[in-house]
Amino acid sequence: MEKKDHIISILVYNKPDVLARIAGTLGGKGYNIDSLCVNTTTQKDISKIVMTTCGSQATVTRIENQLQRLVDVISVEDLTNVESIHREMVLVRLNRTPANTEAVKKAVDDNRWKVIVSGDAFVIIEITGDKTQIDFALARLEPLGVADITRTGLVALKLED
Amino acid sequence: MKLKGTEILLKALEEEKVDILFGYPGGAVLDIYDQIYKSNFRHVLVRHEQGAVHAADGYARATGRVGVCLVTSGPGATNTVTGIATANMDSIPLVVFTGQVPTGLIGNDAFQECDITGITRPCTKHNFLVRNIEELAMTIKEAFHIARSGRPGPVLVDLPKNVMAAQTDYDPAAVRIRNHEAVYKPAPKKMANVLEMLERAQKPLIMTGGGVILGRAAEELTRLARRYRIPVTGTLMGLGSFPGSDPLWLGMLGMHGTYYANMAVSTCDLLLAVGVRFDDRVTGTIETFAPNAKIVHIDIDPSSINRNVTVDLPIIGDTKAALTDLLRFLDDHHYEPDGAGRQAWLSEIAEWREKVPLTYCRNSEVIKPQFVIQTLHRLTGGDALITTEVGQNQMWTAQFFGFDRPNSLITSGGLGTMGFGLPAAIGVKCAFPDRQVVDIAGDGSIQMNIQELATAAQYNIAVKVVLLNNGYLGMVRQWQELFYEKRYSFTDMTYAPDFVKLAEAFGVAGLRATKPGEVESVLQQGLAMDRPVLMDFRVSREECVYPMVHPGESISQMALGTREMIN
């Protein structure tokens, strides 16, 4: 069966080891988590986990079923084919040199990225967008001397319930 | 009124109607044991924590209630892991209480500290570390609810020493928990599909599993089969959910299933699989499993559906509710099977049964293990609660002890845990002191938890061990004989204790039979005694379990062994 990326949104009770349970369940059954994002919701005892994984529809259904068995899991939904918006964020630290100052400024301006910290020796840029946009940004910045990056997992939100 | 954690624990157990604890004390649970000492709570002291879990498990399987055990932290807790994994694989409701070091020391590598909730996360249905006294009552209530609701399973509750010594208000009526009950939604459309499939089928077959026993649906399943004359096969865990003496019963299917059950599965055009999960020992190669059949799969756990075998019609729900619905639907729609067609199917099966019956080669010089089991069945009238160890003893029991009632075979199916049978039998006997409880054992398995003979002796828990002693790890030896050119690598167990003397040393009666002529009298003698007994049957050393589906083959391809029929 055809493998593709799936975005799975999981509502859980905010218990100390809930993430360990989810990661353990998937790891133990041989499924891979590609990216992960966790935080509380507007209800403080409930957290939302957004996870991406690559697999066939049958595999993803099995993942959903396995997660649904966990006592602290409230609901599991595959957002892949649901109307929803998807965002990731990346923080990029670039080494600043006389040679790249102009090019960095142009890249930031062209793409309306945000400079968060600007020092003599480095600059930190914040970029949000979907996966393609982030991939594009990193490719664009790479030749300019990327020192380090931190990239979040994907977050996703349905347009309507 | 303020109560201590230890008092709340015992009161909460009473609330849950727990009437027995299997346990072993230690440093982290001293306070709890002191509370038990002051109470009338029934506690059975095992000799190893693994034994405590298996005993609670046996109790749970025989009664359908939650089994409970209590052990200390660290090694006490880690010793429970095999028992917990055993229960988890077979969906048995347990609550396992473990002691823990005081919360302030957690993470410090304190004496007898271990992260038991971390260790048991993958082999429990759920587990808890109680971090403060206010959570205690709710956690215990939730643990029991989780253990027994939906697809049951073991729940571990870790109790730090300081939490149990702290005090809080306790009002059982005020304890509120979340509901975890699986919701069954009646699906008339699916029932209509089943009806349609039944009407179209020429060769329907029911496959019953452990979910029918756990769901207390044996009566409904039996009614379905008998009312519409549908033959029935079962998994190891399903034995007893349909009467073994009924002509519609084909015996177990799978690797050591009967010839006719496996042929029926491989030939049927409709398979009604109820409360099963299509384990690899049952299906053989997936591609050739029930190749001509439409498959209806009724199970409470959505994760069991389409996991091993892709099915045509999944019905998710409690087996009892689903079967009750199905029976009503078929009745309302006046379903009647085509009489001639059904007769032809049953005749086809009868021919297989006649061609290759379930049998073994009898011998007047050497005791055959199957003969011991058949004799045990005859002498008890089949009315015994049977536990097994794992290996050949287990398979022969499944084949030759016709189980007529649910909850009467107590065996480690999924995990295949050697050393399960004796402690499990102790748990069963505690629940049913007036029933005959027999552990059918092998000489390898029995040595894994032999120390529990002391438990049986101490409390005069009159379990009967029928030891099929062949001086081998018989099932592994069988594989070595068949697939490794008889290179018996470390399976010869000839160096073993004198089991009769060993039993006596524990304070258990020991009997021995070395000739077929002695089997009946030894069994009679052993069964009649009102105390624990170990009966050592010196059986044919290199007997194999047949039929056998070779690994990686279709279950229609069976090795049948040398077939000298019973006269």
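The values are calculated or read from the model by the stated rules, or taken from the named source; none is laboratory data. From a predicted model like this one, the values you see are computed outputs, not experimental measurements. Cβ: placed from backbone, ideal geometry, glycine included. Neighbour counts: every protein chain shown.
Test B:V476 against the stated conditions and say whether it is assigned to a helix (DSSP H, G or I) and either touching a residue at least 24 places away in the same chain (Cβ under 8 Å) or of a type in the set (K, R) (or both). In short, yes.
The set of residues from the stretch B:54-83 being farther than 19 Å from B:L453 by Cα, of a type outside the set (A, V, I, L, M) and crowded, with 24+ Cβ neighbours inside 10 Å comprises B:R61, B:G67, B:T72, B:S73, B:G76. Counting only residues that are touching an Asp or Glu at 6+ places or on another chain (Cβ under 9 Å) and in contact (Cβ under 8 Å) with a residue 60 or more places away in the chain, the stretch A:34-86 holds 12 of them.
Among residues of the stretch B:116-144 that are among the small types (G, A, S), those with a beta-carbon under 8 Å from a residue that is part of a helix (DSSP H, G or I) at least six positions away or on a different chain give the pairs B:G118/A:A20; B:A137/B:I8; B:A137/B:A12; B:A137/B:P172.
Within the stretch A:19-45, if we keep just the residues that are among the β-branched types (V, I, T) and within 26 Å of A:V90 (Cα to Cα), the residue that is surrounded by the most Cβ atoms within 10 Å (Cβ to Cβ) turns out to be A:I22. Working only within the stretch A:1-12, note down all residues that are loosely packed, with under 15 Cβ neighbours inside 10 Å and either touching a strand residue (DSSP E or B) at 6+ places or on another chain (Cβ under 6 Å) or within 11 Å of another protein chain (Cβ to nearest Cβ) (or both). Scanning the stretch A:1-12 gives A:K3, A:D5.
Being under 16 Å from B:L270 (Cα atoms) and within 14 Å of chain A (Cβ to nearest Cβ) is the filter; apply it to the stretch B:295-343 and report the residue that is surrounded by the most Cβ atoms within 10 Å (Cβ to Cβ). Checking each candidate, the answer is B:H297.
Yes or no, residue by residue, for (1) in contact with a Ser or Thr (Cβ under 9 Å, 6 or more places away or on another chain); (2) of a type in the set (D, E, K, R):
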{"site": "B:G339", "(1), (2)": "no, no"}
{"site": "B:S347", "(1), (2)": "no, no"}
{"site": "B:A350", "(1), (2)": "no, no"}
{"site": "B:V356", "(1), (2)": "yes, no"}
{"site": "B:R362", "(1), (2)": "no, yes"}
{"site": "B:K368", "(1), (2)": "yes, yes"}
{"site": "B:I373", "(1), (2)": "yes, no"}
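Check whether at least one residue in the stretch A:39-62 is in a helix (DSSP H, G or I), facing another protein chain (nearest Cβ under 9 Å) and of a type outside the set (S, T, Y), and report yes or no. Within the stretch A:39-62, one or more residues are in a helix (DSSP H, G or I), facing another protein chain (nearest Cβ under 9 Å) and of a type outside the set (S, T, Y). The residues on offer are B:L482, B:L453, B:L409, B:L473, and the sole one that is more than 22 Å from B:A87 (Cβ to Cβ) and touching a Lys or Arg at 6+ places or on another chain (Cβ under 9 Å) is B:L453. The residue that is nearest to B:I461 (Cα to Cα), counting only those in the stretch B:480-523 that are exposed (fewer than 14 other Cβ atoms within 10 Å of the Cβ) and polar (S, T, N, Q), is B:S521. Of A:L70, A:L94, which residue is within 11 Å of chain B (Cβ to nearest Cβ) and either of a type outside the set (V, I, T) or in a loop (DSSP other than H, G, I, E, B) (or both)? Of A:L70, A:L94, the one residue that is within 11 Å of chain B (Cβ to nearest Cβ) and either of a type outside the set (V, I, T) or in a loop (DSSP other than H, G, I, E, B) (or both) is A:L70.
Picking from residues in the stretch B:96-137 that are within 11 Å of chain A (Cβ to nearest Cβ) and in a loop (DSSP other than H, G, I, E, B), the one that is farthest from B:T417 (Cα to Cα) is B:R131.
Residues in the stretch B:194-216 that are assigned to a helix (DSSP H, G or I) and either acidic (D, E) or under 24 Å from B:E181 (Cβ atoms) (or both): B:E196, B:E199, B:G210, B:G211, B:V212, B:I213, B:L214.
Is at least one residue of the stretch B:470-493 touching a Leu at 6+ places or on another chain (Cβ under 8 Å), outside the structural domain of B:L70 (by TED's automatic domain parsing) and more than 29 Å from B:M255 (Cα to Cα)? Among the residues of the stretch B:470-493, not one is touching a Leu at 6+ places or on another chain (Cβ under 8 Å), outside the structural domain of B:L70 (by TED's automatic domain parsing) and more than 29 Å from B:M255 (Cα to Cα), which makes the answer no.
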